[in-house]
Amino acid sequence: MNDDIRHNDRIISQFTRWAQPFADLPIHAEEDGMGRTLAAAAIGPADHVLDVACGPGIVACAAAAHAAHVTGIDLTPAMIEQARARQAAAGLANLDWRTGDATALPFADDSFDRVVTRYSFHHLREPGRALAEMRRVCRPGGRVVVIDATPAPECQAAYDRMETLRDPSHSSALTVEQLRGLGRAAALTELSVDSYRLEALLSTLADADDMAALDAMFDADIAEGKDRIGVQARRTADGIRFHFPISIVAWHR
Ligand SMILES: C[S@@+](CC[C@H](N)C(=O)[O-])C[C@H]1O[C@@H](n2cnc3c(N)ncnc32)[C@H](O)[C@@H]1O
C-alpha cells in the first residue's frame with residue numbers, strides 16, 4: 001500500500017468516527033469565522049460554488065443561502081451523510097454532494113465561480129496539488145478561498161506535534177506565508193488575507209490514544225507561562241481551553 005492510500009485510509013477512519021461529533025460542535029458554525037469566510041468568498045446569487053473537503057456541509061449550506069448552487073465534495077462518506085442530513089434539516093434545495101479526493105477533483109476545468117475549502121489543508125500531504133486542482137475547476141475571474149489554521153513560524157513544529165497527538169490524520173499546518181506562497185506557485189492573484197481565532201475546549205476535540213501526552217504538552221506551556229504551541233492554552237473550570245489561529249486567504253483566478 002503506498003503512503004497516499006494509507007494516509008487517505010487514516011482520514012476516512014478518523015472522520016468516520018468524528019463525523020457526528022464534528023457536525024454537532026457549535027464552534028464549527030460560529031458566526032465570526034463564518035461571516036469572514038462568506039465575505040472573502042463574495043458569493044453572488046448567480047454563482048456556482050464548490051466546497052472542497054466539505055465535511056458535514058457547514059460552509060456549503062451557509063454558502064447555499066447566497067448562491068445559485070453549491071456542490072460539496074469530501075473523501076469520507078460518513079461526512080457526506082452528515083452533509084445530506086444538514087441540507088435536509090435546513091430545507092435547502094440548491095446543493096449536491098460527491099465523495100472524492102481534493103487532489104484529483106472529478107470536475108471539468110472552469111466549472112465553478114467560487115471554490116472554497118475550510119480546515120482541510122492541514123490534513124493533506126500535498127496541499128499545493130489541491131490548490132492547483134481548485135484553480136483548475138474555478139473559472140477565470142472566479143475566486144479561490146482557503147481557510148485553515150496557520151501557526152506562527154516559531155510555533156509550527158510544536159503546533160504540528162500537538163495536532164498529530166490530538167488527531168492522527170493531521171499532516172502539517174502551513175504558516176500564512178507558506179499558504180500565500182502556494183497561491184503564488186499556483187498562479188493565483190491574491191485578493192485578501194484575514195484571520196480569526198477559533199476558541200476551543202480540548203476535551204470536546206480529542207479522543208487521542210495518548211491523552212496524557214497531549215495534556216502534558218498543554219500543561220507544560222501553562223505551567224511555565226510559555227506559548228510554545230502558539231494557541232494561548234489555559235486551564236479553566238471545565239478543562240484546557242485554547243484557540244486555533246485561523247487565516248482566510250482569497251485569490252482571484
Ligand atoms: C476538519 S474537517 C473540515 C470539514 C469542513 N470543511 C468544515 O470546515 O466544516 C476535514 C475534512 O477534510 C476531509 N478530507 C481530508 N482529506 C481529504 C482529501 N484528500 N480529499 C477530500 N476530503 C478530504 C475529511 O474527510 C474531513 O471531512
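Residue pairs, Cβ under 6 Å, 6 or more apart or interchain, first in segment 4-24 and touching a residue at least 24 places away in the same chain (Cβ under 8 Å), second near the ligand (Cβ under 9 Å from one of its atoms) and open to solvent by 80 Å² or more (accessible area, probe 1.4 Å). List them.
Pairs found: 7/125.
Test each condition in (1) open to solvent by 40 Å² or more (accessible area, probe 1.4 Å); (2) outside any helix (DSSP H, G or I); (3) not hydrophobic (A, V, I, L, M, F, W, C) for residue 169 and report the one that comes out false.
For residue 169, the failing item is (1).
Is there a residue in segment 130-139 that is in a helix (DSSP H, G or I), among the acidic types (Asp, Glu) and under 30 Å from residue 252 (Cα atoms)? Before the answer, list the steps.
If we filter segment 130-139 for residues that are in a helix (DSSP H, G or I), which is where we start, we get 130-137.
From the residues that got through so far, the ones that are among the acidic types (Asp, Glu) too are 133.
With the extra rule that they be under 30 Å from residue 252 (Cα atoms), the set shrinks to 133.
Yes, there is a match, as at least one residue in segment 130-139 is in a helix (DSSP H, G or I), among the acidic types (Asp, Glu) and under 30 Å from residue 252 (Cα atoms).
Of the residues that make up segment 237-247, is at least one farther than 30 Å from residue 134 by Cβ, loosely packed, with under 14 Cβ neighbours inside 10 Å, of a type outside the set (A, V, I, L, M) and out of contact with any Pro (no Cβ under 7 Å at 6 or more places or on another chain)? Let's see the steps before the verdict.
Going residue by residue through segment 237-247, those that are farther than 30 Å from residue 134 by Cβ are 237-241.
Restricting the remaining residues to those that are loosely packed, with under 14 Cβ neighbours inside 10 Å gives 237-239.
Checking the rest, the ones that are also of a type outside the set (A, V, I, L, M) come to 238-239.
Subset that is out of contact with any Pro (no Cβ under 7 Å at 6 or more places or on another chain): 238-239.
Checking segment 237-247: at least one residue is farther than 30 Å from residue 134 by Cβ, loosely packed, with under 14 Cβ neighbours inside 10 Å, of a type outside the set (A, V, I, L, M) and out of contact with any Pro (no Cβ under 7 Å at 6 or more places or on another chain).
Among 126, 154, which is the only one that is under 20 Å from residue 168 (Cα atoms), charged (D, E, K, R) and surrounded by fewer than 21 Cβ atoms within 10 Å (Cβ to Cβ)? Talk me through it step by step, then tell me what you get.
Details: 154 fails: under 20 Å from residue 168 (Cα atoms).
Answer to the selection: 126.
Has segment 198-213 got at least one residue that is within 16 Å of the ligand (Cβ to nearest atom), under 26 Å from residue 5 (Cα atoms) and part of a helix (DSSP H, G or I)?
no
State the number of residues belonging to segment 131-145 that are touching a helix residue (DSSP H, G or I) at 6+ places or on another chain (Cβ under 7 Å) and open to solvent by less than 10 Å² (accessible area, probe 1.4 Å).
Of the residues in segment 131-145, the ones touching a helix residue (DSSP H, G or I) at 6+ places or on another chain (Cβ under 7 Å) are 131, 143-145.
Those left that are additionally open to solvent by less than 10 Å² (accessible area, probe 1.4 Å): 131, 144-145.
The qualifying residues number 3.
Of the residues that sit in segment 109-119 and are open to solvent by 10 Å² or more (accessible area, probe 1.4 Å) and among the hydroxyl-bearing types (Ser, Thr, Tyr), which one is nearest to the ligand (Cβ to nearest atom)?
The extreme case among them is 119.
Scan segment 90-121 for residues that are outside any strand (DSSP E or B), touching a residue at least 40 places away in the same chain (Cβ under 8 Å) and among the aliphatic types (A, V, I, L, M) and jot them down.
Of segment 90-121, the ones outside any strand (DSSP E or B) are 90-94, 100-111, 119-121.
Among the residues that remain, those that are also touching a residue at least 40 places away in the same chain (Cβ under 8 Å) are: 101-102, 105, 107, 111, 119-121.
Once the filter is applied, which keeps residues that are outside any strand (DSSP E or B), touching a residue at least 40 places away in the same chain (Cβ under 8 Å) and among the aliphatic types (A, V, I, L, M), segment 90-121 yields 102, 105.
Please list, ordered by first then second residue, the pairs with beta carbon atoms under 8 Å, 6 or more apart or interchain, first in segment 44-60 and on the phi < 0 side of the Ramachandran plot and open to solvent by less than 10 Å² (accessible area, probe 1.4 Å), second of a type in the set (S, T, N, Q) and within 8 Å of the ligand (Cβ to nearest atom).
Listed by first residue and then by second, the contacts come to 51/117; 52/117; 52/120.
The values are calculated or read from the model by the stated rules, or taken from the named source; none is laboratory data. Please read these numbers as outputs of a predicted model, since none were measured by experiment. FYI the Cβ positions are ideal-geometry reconstructions off the backbone, even for glycines, and counts take in every protein chain you see. The area values use the complete protein model at the heavy-atom level, side chains included, leaving out ligands, DNA and RNA. Shrake-Rupley method; radii C 1.70, N 1.55, O 1.52, S 1.80 Å.
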